[in-house]
Amino acid sequence: MKTKTHRALECSALFATAALLLTACGSSGGSGNGGEAGTSFQGRGPITYVAGKDTTGVVPKVIARWNAQHPKEKVTFVQLPTDADSQRQQMIQNAETKSDAYTVLSLDVVWTSEFAAHQWVDRLPENQFPLGKMLKPVVETAKYRGGLYAVPASSDGGLLYYRTDLLSKAGISAPPTTWSEMTADCAEVRKKVPAAKGMSCYAGQFQKYEGLTVNFAEAVDSAGGVVTDASGKPNVDTPAARKGLDFLTGSFKDGSIPKEAITYQEEDSRQAFQSGKVMFLRNWPYVYSLAGKGKLAGKFAVAPLPGLNGPGSSSLGGHNLALSSFAKNKATALDFMKFFSSEESAGTFLKDASLAPPYADLYDKAALVGRYPYLPVLKQSILHAVPRPRVVQYGDVTSAIQREAYAALNGSKSSAQALKDLQGALQKSTAQ
Ligand code: GLC
């Protein structure tokens, strides 16, 4: 939800760049190179779908389904690196050279404003997608200045994965809801379960990349703080934010989080959980399916993220499909986007890879909940998730967060100094 002040902030930041000012803040919302939304998507033929590396195996399967039905409009899957920052860089490079190599882009939810404001992606016709059936906060991530610039394909909410086998051996019947309960549970498990003696308590994603922005924001939000306030203004130099960051720095110091977690992205932390290095893991829903196929099958469950004084909150994640302004065969692209973001495809992504669907009713179907018991927890996680700053200059914002959070975690700065410096940097990058 973009408030007037928030838009004003974004646009005032754009004033610095005259070219952008004319295109993004000038009139009533811009329409990208596609003209009036949806009227000029022309051309049929082969296209590409560009996304981060598929760790689930399901994407090629869904694309093959399309290709079998559209032999003259085949989709080639271009896989970029796994980390979000490298994906963003490659997509921006493609846009800056106006290359037609990328057609449909899998945009991280946090990039919509940046890609739309620069007119790297086309504005889409809203009436051609079943947005009314999707979770509202998820649809919001695809909008910029009131226009639709992407269509939700999968959502994401942070979950706490925990070892039911270890907890029950230690006589603990429910997952922790606070950080201190989690730490106490770990101590109890270590005391009562000899096999868990050498295990660390918790891991998330703490390498210097987008995942650190997510984990930092979650810690701050889960302690009652904010990174930016409701009007989009940075407000991170506060006692509450400090408690959140201190939970992470303190956990690194006392070993609750293993030292090597400073190098973890999603996949490294999943391995750490699956190989028995940690008892609790913060990660996205895709882990449910993969961990369920490994040696932890039947030995883990998920719960809402814990927080300082009660349940914490997740950062809103996910990916939306956008159409590169520089692409050819846009009529094919639009049809493929409808297919790939359909409820049927979302059902396949859920069943095969436990990806979070944008569609509200897939969370409530008894048959699905029976098979995927995490769905109710996930729905709540997504509905209450906190969006990361929704700004055109997201690249600057996330690198400031990554730099300062990393400095606090590796001990080169105090939490207090890191938050002070971060507040200054965020004020600068969102300055009027
Ligand atoms: C997941 C989320 C995405 C987030 C990324 C961080 O892919 O869906 O929104 O930015 O993780 O690593």
For the chain, the longest principal axis of the Cα atoms and the Cα long axis of helix 179-192 enclose an angle in degrees, to the nearest 10, of 50 degrees
Note on the stretch 203-359: the mean projected area of its alpha-carbon convex hull, in nm², is 12.2 nm²
Rounded to the nearest 10 Å², the 1.4 Å probe accessible area of residue 118 is 60 Å²
With +1 at each Lys and Arg Cβ and -1 at each Asp and Glu Cβ, the charge dipole magnitude of the stretch 152-291 around its Cα centre, to the nearest 20 debye, comes out at 540 debye
Calculated from DSSP helices alone, with each H run of at least 4 adding -39500 (n - 2.57) and the total divided by the residues of the chain, [θ]222 nm to the nearest 500 comes to -13000 deg cm²/dmol
Taking only the alpha carbons of the chain, the radius of gyration and the largest Cα-Cα distance, Dmax, both in angstrom, are 21.5, 66
In a Gaussian network model of the chain with springs linking alpha carbons closer than 10 Å, the residue among 195, 327, 240 that fluctuates most is 195
Sparse-neighbourhood loop hits (trypsin sites (Lys or Arg not before Pro), the stretch 164-245; DSSP loop; Cβ within 10 Å at most 11 others) -> 197
Lys and Arg at +1, Asp and Glu at -1: neighbours of residue 189 with Cβ under 9 Å from its Cβ sum to +3
Across 5 Å bins beginning at 0, the whole-percent shares of Cα-Cα pair distances in the stretch 134-226 come to 2, 11, 16, 15, 15, 14, 10, 6, 5, 3, 1, 0
A correct Karplus calculation of ³J(HN,Hα) over the stretch 323-336, with 6.51 cos²θ - 1.76 cosθ + 1.60, θ = phi - 60°, whole Hz and x for Gly and Pro, returns 10, 4, 4, 9, 7, 9, 6, 6, 5, 4, 4, 5, 5, 5
With every protein chain kept in place and a 1.4 Å probe, the residues 260, 266, 344 fall, from largest accessible area down, as 344, 260, 266
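Are any of the pairs 259/420; 299/351; 74/208 more than 28 Å apart by Cα-Cα distance, and if so, which?
Distance filter (> 28 Å) returns 74/208.
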When the chain is treated as a Gaussian network with springs between alpha carbons less than 10 Å apart, the largest mean-square fluctuation among 115, 206, 41 is found at 41
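The values are calculated or read from the model by the stated rules, or taken from the named source; none is laboratory data. Remember, predicted model here, so these are calculated numbers, not experimental data. We place every Cβ from the backbone using ideal geometry, glycine too, and count neighbours over all the protein chains shown. These area figures cover heavy atoms from the full protein model, side chains too; ligands, DNA and RNA do not enter into them. Shrake-Rupley method; radii C 1.70, N 1.55, O 1.52, S 1.80 Å.
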